[in-house]
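Remarks on the structure that follows.
Please treat every number below as a calculation from the coordinates, not as lab data. Here the structure is a predicted model, which is why all the values come from computation and not from measurement. Here Cβ is always computed from backbone atoms with ideal geometry, including for glycine, and neighbour counts include all displayed protein chains.
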Amino acid sequence: MNEQKELTQPEATAVQTVKPENPGFWATLREAVVGTEQSFTEGSIGRAIFLLSVPMVLEMAMESLFGLVNIFWVGKLGKDQAAAVGITESLLTIVFTVAMGLSMGTTAMVARRIGEKDHDGAARAAEQSILLGILVSIPLALIGVIFHRQLFALMNAESSVTTAGAGYITVIFGANVVVMLLFLINAIFRGAGDAAIAMRALWIGNIINLALDPLLIFGLGPFPELGVMGSAIATTIGRGIAVMYQLSRLSGGHSRVPVQFHRIFKPDFELMGTLLRISLGGMFQMLVATSAWMVLMSLVGKFGSAAQAGYTFAIRIIWVTLLPSWGMSNAAATLVGQNLGAQKPDRAEKSVWLTGHCNAVFLLGVMATFLLFAEPLLRIFTHDETVIPYGVDALRFISYGYIFYGYGMVLSAAFNGAGDTYTPTVINLICFWALQMPLAYWLAMKTGLEAKGVFLAVTIAESILAVMAMVIFKRGKWKEQKV
């Protein structure tokens, strides 16, 4: 019995276009890095995940490298300077919260419009996102510059740490607009499927930061010796030039999103309202998570600057090892948004589960690495014997929940990619505010575990978050989300 219909010549040609002969691994890797024109709503799901994940992983690696390079060089100045950078970065999560919240809304809207083949609609969403980012960065800059001493005090920083970090925090917060735009424009590229462009922007910024960091920190050659503030200046210059590259790619037909710069400063209040509706959920979602992290940094500070420095080094290492996971999660968000736009919800769901399985397997390997090599990893950054034990404990305790993180990260990104920022916000509220923070305080202050109690609370809360996300995701209401 043969029910397959005979294809006309145009239909046969279309099928051949959609399903070309499967290229080898190296050809696919090259396509992922150089850039691809493939539609992510058709063809192999595994190949789509790979083509999106590779440049997104490399993009996230470059973003994290900013902080890693900074702490590597600053760590050579002393533990007060290292603690100052760690505290500033924890405070900067306020900026990251807003930027990532706007990014969630931006990626969801751009991906949905691209899935619908509405490229001008994607461009208009991108333009309003850029405008919002610029407007929001202004009050954040003023707060960081004017009230930096009060902010350090809130984090239980010792006076020597506050003095060491004054210049660093002033520069980082004063120029936070480059952080904002870097996140938002890369969210545009990711939503459109132009992940390779986003990756290259971060490469450019990091190459510049890599070169300038030691020059400005230690005053090598003709450069002034600026200490920890030199690190902030180097990072800001690198990010600023990366933003200039991003803007150049948004014009001249280099991206699938045809942004018109003359429309950026012409607010479209209806579109801006839709973007804000989605993004505010994302912002609050990130605020819940990052404020919890700030509380944990403050709580660790009760055990001294050595504990804060050790925690800072450990978090830097953890971020680096989570980069492939963030890349896969971002790929899942793009696939969900585009496939929902193309009216293919089942393909969107399959993409999420396949990505989650891959992520969990990867993180099991990372957990084994931390359990076996935590101390050698810490000694790459510091030889201070008062700091290393805290860093080792943080790496080992936090990694115990990595298999859960693998699913939790992907599922949260999937909700956001669908434009459902409400669900992961509620999950974060329960797991971070209602559970993690009080549990961390109790374990640290009442059981004798001290800093170890904080690290253990992270593992418990993140694991429960993953289980909750799985249960809610299976219900499927995210497929009905309108963007």
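Details
- Answer label for Cα extents along the principal axes in Å (calculated), chosen among (i) 64, 57, 43; (ii) 66, 52, 43; (iii) 77, 48, 44: (iii)
- Shown in residue order for region 231-240 are the 3J(HN,Hα) couplings computed by the Karplus curve 6.51 cos²θ - 1.76 cosθ + 1.60 at θ = phi - 60°: 5, 5, 5, 4, 5, 5, 5, x, 5, x Hz (x for Gly and Pro).
- Where Rh is the Kirkwood radius over Cα pairs, Rg/Rh for region 33-94: 1.26
- Positive-end ranking of Gly35, Asn330, Phe370 along the dipole of the chain, with charges on Cβ about the Cα centre, is headed by Asn330.
- Ordered by the number of other Cβ atoms lying within 10 Å of each residue's own Cβ, fewest first, Thr421, Thr386 fall into the sequence Thr386, Thr421.
- Note on Asp120, Asp384, Asp268: ascending count of other Cβ atoms within 10 Å places them as Asp120, Asp268, Asp384, the fewest first.
- Taking trypsin sites (Lys or Arg not before Pro) across region 426-483, the ones in a DSSP loop with at most 10 further Cβ atoms lying within 10 angstrom of their Cβ are Lys482.
- About its Cα centre, the dipole of the chain is roughly 460 debye, where the only charges are +1 on Lys and Arg Cβ and -1 on Asp and Glu Cβ.
- Using the rule -39500 (n - 2.57) for each DSSP H run of four or more residues, divided by the residues of the chain, the 222 nm mean residue ellipticity is -26500 deg cm²/dmol.
- Cα long-axis angle, helix 195-218 against the chain (0 to 90 degrees, to the nearest 10): 20
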